[in-house]
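Contents: one structure, followed by commentary.
The values are calculated or read from the model by the stated rules, or taken from the named source; none is laboratory data. Computed from a predicted model, the values in this text were never measured in an experiment. Ideal geometry is used to build each Cβ from the backbone, glycine not excepted, and the neighbour counts take in all protein chains shown.
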Amino acid sequence: MSARLPPELTVGFEEIDRQHRRLIDLMDAAAAAARAGDLAGARGAVAALGDELVTHFSSEEGFMAETLYPDRGRHKAAHDLFLQDFAQLGGELEAGLSDLAVHWLTVRVPEWVKFHIGVNDVPLGQYLTARHFRPEQPRSPAAKPRPS
């Protein structure tokens, strides 16, 4: 699933689709470590996934704010709820690779991400595409500020 997104998970906005491919790669790594009973691997994969989720959510929230996306409040609330859940997973992993932690990594997190993409991100991608939105390219630290 990492080489390309299945049609039902493609939002049609390349920057978001690229981020989703990365998230799915990290989810797959976390699930594989959990299935193998590799606690250190699962913890490392969850940490990387958490970092990527925060970056991804921040990116989407920036796009929504910049374009005044009408559903941005509901969409951000979904991000916030998921991050609360995800923090609980981190706490569960601190105690070890329990059956609950394995279930979260192999079922709950992937189901949530797929649901969220279908319900929240597909409409966002359509909205951004319809408006021909192009995110600003990140500037390097050496880049000079633009004149006001």
ask   = Does LEU89 satisfy being over 19 Å from the mean Cα position of the chain (by Cα), modelled with pLDDT under 95, surrounded by 15 or more Cβ atoms within 10 Å (Cβ to Cβ) and part of a helix (DSSP H, G or I)?
value = no
request  = Evaluate region 20-43: report whether one residue or more is in a loop (DSSP other than H, G, I, E, B), closer than 21 Å to THR129 by Cβ and not acidic (Asp, Glu).
outcome  = no
task = Look through region 57-82, keep the residues that are without any contact (Cβ under 8 Å) to a residue 60 or more places away in the chain and either touching a His at 6+ places or on another chain (Cβ under 8 Å) or not in a helix (DSSP H, G or I) (or both), and return whichever of them is nearest to LEU128 (Cα to Cα).
result = TYR69
request  = Check region 12-20 and report whether any residue there is surrounded by 13 or more Cβ atoms within 10 Å (Cβ to Cβ), without any contact (Cβ under 8 Å) to a residue 12 or more places away in the chain and not charged (D, E, K, R).
outcome  = no
Selection count where residues are small (Gly, Ala, Ser) and under 20 Å from the mean Cα position of the chain (by Cα), scope region 92-137 = 3
request  = Considering each residue of region 99-114, count those that are surrounded by 13 or more Cβ atoms within 10 Å (Cβ to Cβ) and either among the aromatic types (Phe, Trp, Tyr) or farther than 23 Å from LEU5 by Cβ (or both), and give that number.
outcome  = 6
ask   = Can you pull out the residues in region 115-144 that are modelled with pLDDT under 85 and polar (S, T, N, Q)?
value = GLN137, SER140
